């Protein structure tokens, strides 16, 4: 997969496991906002593909549902470059090589992008079925707002870190409206 | 450690929906229960009243790891009902797509999930600290499988290019040709993988299984053939439900699939290999011999070697198909829907996947039945745990727990269809 857009937004989930589709719903709502300089991807969370995607960009924001025993609808935000993914989100898996595993493996292999933010949203209902619970739905709205602000913040932060040639090349690459 | 209970609980997202439970009393296994919820039941209901043309894409959503298998079983079953025959290059393209999925799925399991068990690591991340180049090789091989699925399926996960009668769009010879270099690299990497897995330490554990797989007159099976076993079964797929039944068991929402009058059976790489060794390509047969593997393997822990051989076969077969490919005149054969019942089995990475559809004259799905490989292996996994724990009962608790989990992973169970996460702990009585 060739990803050239500047900020990669990945929503992870399973459409048919109710609140597990939170990440997918966030991405769909963000698509309507037509954010500049972003590439939006809906993913089922395969770890190997995530590593591949993450190692091909400089800035990524990942959105996924979790069930860590917290309050339904709670929103957690992690800077994956500054901290490992907390244990309660890092489950052992017989089969799926998932999000937390992918991030940590990418870290070991030196394939994390320079910027990776993870939004984890506490789901309420993960049973088989379609549609979100009320709490999850409300959380999706909040996350959409936060992520669209974050896109601008991350851009600014990134520019502060790479002010010279990178800035020029960023401008050349961008095709949308200038956020600065 | 005379009395104890080993429990595996599915965590978090699906809490309470499934578990493994092994009870030990006086150093004997007194009970084993493996519970796996079955999402296909939901999809069966979901399919009723939909058009036949939606079945491949809806069922592909059952599993993020083996969507091609669901699509293939769906289209073959519906084509059987409609009397559609897909031959020649279109059939070859379907085999090529299946090669991609086997590579993706098997490589993921070998490198990321199963190998860490043998090498004493809790996961691939820890393994990667000591074996970064090995893990990178696995990721690169998987990417090659993804490239096949992306090209033929329209995208890497949940391919959308498959339809009843063929494909929406067939790739040009040139497009397929672009895969050749990476497939050649993948074939070499697969040879190395076979040798690498063959030197892992294996517990001594052989059982007298009934292996069930497809068997085709000339091909190593993907999507055509009769259903055969090493104990005399030899039936057309349309007779599946006369020989296999699903039983309700008290401890699980899931149905256990059994062979009528015979009980548990074994599907997946080991079954395919044991029943079809002579259908592997010469290169794959030779690699098996060099790895010290006989043409029959009854140790489920060695399924990691057999998966590697199937990966090698898939690369080899993919290259053969691409070499002989010519763009078909039409991407799909023409047909008219007709009322009827159709069924099919294809070889998903983890074993036979059965679909049956009852269709109206307009092509509406009136009824659907889906039996995934993992529910067919469920009873065999329970038997393995019972026999393995009995034989290893004096091991320290942490090792025994570890090996129970490893014994489940021998089957690469498609728990992801139902659940994402599994953890394991022992509870003493």
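The values are calculated or read from the model by the stated rules, or taken from the named source; none is laboratory data. Quantities reported herein were computed from a predicted structural model and do not represent experimental measurements. All Cβ positions, even for glycine, are placed from backbone atoms using ideal geometry, and neighbour counts span all protein chains on display.
Values for this structure:
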{"read-out": "Condition broken by residue A:121, with the remaining ones in (1) modelled with pLDDT of 90 or more; (2) touching a helix residue (DSSP H, G or I) at 6+ places or on another chain (Cβ under 7 Å); (3) in a helix (DSSP H, G or I); (4) within 14 Å of chain B (Cβ to nearest Cβ) satisfied", "value": "(3)"}
{"read-out": "Residue tally, condition in contact (Cβ under 8 Å) with a residue 60 or more places away in the chain and more than 11 Å from residue A:106 (Cβ to Cβ), over the range A:42-70", "value": "5"}
{"read-out": "Failed condition for residue B:43, given (1) within 11 Å of another protein chain (Cβ to nearest Cβ); (2) within 16 Å of the chain's Cα centre (by Cα); (3) closer than 23 Å to residue B:159 by Cα", "value": "(2)"}
{"read-out": "Number of positions in the range B:151-166 that are without any contact (Cβ under 8 Å) to a residue 24 or more places away in the chain and either more than 14 Å from chain A (Cβ to nearest Cβ) or farther than 26 Å from residue B:116 by Cβ (or both)", "value": "3"}
{"read-out": "Test: residue in the range A:87-102 that is over 11 Å from the mean Cα position of the chain (by Cα), farther than 29 Å from residue B:402 by Cβ and either modelled with pLDDT of 85 or more or not in a loop (DSSP other than H, G, I, E, B) (or both)", "value": "no"}
{"read-out": "Condition met for residue B:152 (surrounded by fewer than 24 Cβ atoms within 10 Å (Cβ to Cβ) and farther than 30 Å from residue B:258 by Cα)", "value": "no"}
{"read-out": "Qualifying strands (runs of 3 or more DSSP E) (wholly inside the range B:317-410; at least 3 residues being within 23 Å of residue B:99 (Cβ to Cβ) and in contact (Cβ under 8 Å) with a residue 24 or more places away in the chain)", "value": "B:340-348, B:351-359"}
{"read-out": "Matching option when the condition is surrounded by 23 or more Cβ atoms within 10 Å (Cβ to Cβ), closer than 30 Å to residue B:46 by Cα, touching a helix residue (DSSP H, G or I) at 6+ places or on another chain (Cβ under 7 Å) and at pLDDT 85 or above, among B:352, B:341", "value": "B:352"}
{"read-out": "Sole residue being under 24 Å from residue A:17 (Cα atoms) and either within 11 Å of another protein chain (Cβ to nearest Cβ) or crowded, with 23+ Cβ neighbours inside 10 Å (or both), chosen from B:128, B:74", "value": "B:74"}
{"read-out": "Index of the failed condition, residue A:17 passing every other in (1) touching a residue at least 60 places away in the same chain (Cβ under 8 Å); (2) within 16 Å of residue B:61 (Cβ to Cβ); (3) out of contact with any strand residue (DSSP E or B) (no Cβ under 8 Å at 6 or more places or on another chain)", "value": "(3)"}
{"read-out": "Among (1) within 13 Å of chain A (Cβ to nearest Cβ); (2) over 19 Å from residue B:224 (Cα atoms) - the single one residue B:53 does not satisfy", "value": "(1)"}
{"read-out": "Those residues of the range B:131-147 which are at the interface with chain A (Cβ under 10 Å from one of its Cβ atoms) and under 30 Å from residue B:216 (Cβ atoms), in sequence order", "value": "B:138, B:141, B:142, B:143, B:145, B:146, B:147"}
{"read-out": "The range B:103-125: number of residues that are crowded, with 24+ Cβ neighbours inside 10 Å and assigned to a loop (DSSP other than H, G, I, E, B)", "value": "0"}
{"read-out": "Test: residue in the range B:167-174 that is in a helix (DSSP H, G or I), away from chain A (no Cβ under 14 Å), modelled with pLDDT of 95 or more and over 24 Å from the mean Cα position of the chain (by Cα)", "value": "yes"}
{"read-out": "Odd one out for residue A:53, checked against (1) modelled with pLDDT of 90 or more; (2) closer than 29 Å to residue A:135 by Cα", "value": "(2)"}
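Per-residue answers, yes or no, for (1) within 14 Å of another protein chain (Cβ to nearest Cβ); (2) over 23 Å from residue B:146 (Cβ atoms); (3) under 14 Å from the mean Cα position of the chain (by Cα):
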site	(1), (2), (3)
A:19	yes, yes, no
A:23	yes, no, yes
A:27	no, no, yes
A:30	no, yes, yes
A:47	yes, no, yes
A:51	yes, no, yes
A:56	yes, no, no
A:65	yes, yes, yes
